[in-house]
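> Please read through the structure below; I'll follow up with questions.
The values are calculated or read from the model by the stated rules, or taken from the named source; none is laboratory data. The structure presented is a predicted model; accordingly, all values stated were derived computationally and were not measured. Every residue, glycine as well, gets a Cβ built from its backbone with ideal geometry; the counts of neighbours run over all protein chains shown.
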């Protein structure tokens, strides 16, 4: 069986980095997408060796996504796995949210995933798996986080619709809600981390390694699609 080819957006740091490492350890060739974390991407590629490449792209810009996917296909001939992990927050009360910040959140979390799906699916000739990283905020909403919550909720609907449409092509589409973790955007919101810990039935935060290992397993399955997996111990 051929080595699978994966693209992980936002793959240079935080949860994305752990997903890249987990997929690589499972034998995948991985494209590490990044927007601004060039140094972190380079260090990760050096660690993984010739089974990984990096590609800078703003996922909200279709031309940049197309160029990245072309690079992957030129290198390895196909795409088997897409993990839509890239994320951004522009938190504000909805009546104070700027249109520019609203649009930037939607561009990454919704249009970005749309761009990756449309661009990658034609190269997923032998079936494949798309994993969309959503959020607890997309289920419950959060004060001061209307743009992010709306985008992550939209991503759940997009996951379900894509699963329905792509099943006939053997492509599975699932969503993972990692929960609060002390990496990347989570660490920047210390108050939210402590609130999440307090609401947790186990009084813990989510473990990025656990999430990454689950994703590395999920993409090996053949009969799971249209599902939402929540890595949290808060009641939904």
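> Which members of the range 138-155 meet the condition of being farther than 13 Å from residue 88 by Cα and under 15 Å from the mean Cα position of the chain (by Cα)?
Those that are farther than 13 Å from residue 88 by Cα and under 15 Å from the mean Cα position of the chain (by Cα): 138, 153, 154, 155.
> Could you grab me the full set of residues in the range 3-46 that are free of Cβ contacts under 8 Å to residues at least 24 places away in the same chain, surrounded by fewer than 18 Cβ atoms within 10 Å (Cβ to Cβ) and farther than 15 Å from residue 64 by Cβ?
Answer for the range 3-46, where residues must be free of Cβ contacts under 8 Å to residues at least 24 places away in the same chain, surrounded by fewer than 18 Cβ atoms within 10 Å (Cβ to Cβ) and farther than 15 Å from residue 64 by Cβ: 39, 42, 43, 46.
> Let me ask something additional. For the range 28-107, give me every one of the helices (runs of 4 or more DSSP H) that falls completely inside it and has 2 or more residues that are touching a helix residue (DSSP H, G or I) at 6+ places or on another chain (Cβ under 6 Å) and under 20 Å from residue 155 (Cα atoms).
Filter on the range 28-107 gives 62-76, 99-106.
> Has the range 90-103 got any residue that is at pLDDT below 95 and either crowded, with 23+ Cβ neighbours inside 10 Å or closer than 21 Å to residue 227 by Cα (or both)?
Within the range 90-103, none of the residues are at pLDDT below 95 and either crowded, with 23+ Cβ neighbours inside 10 Å or closer than 21 Å to residue 227 by Cα (or both).
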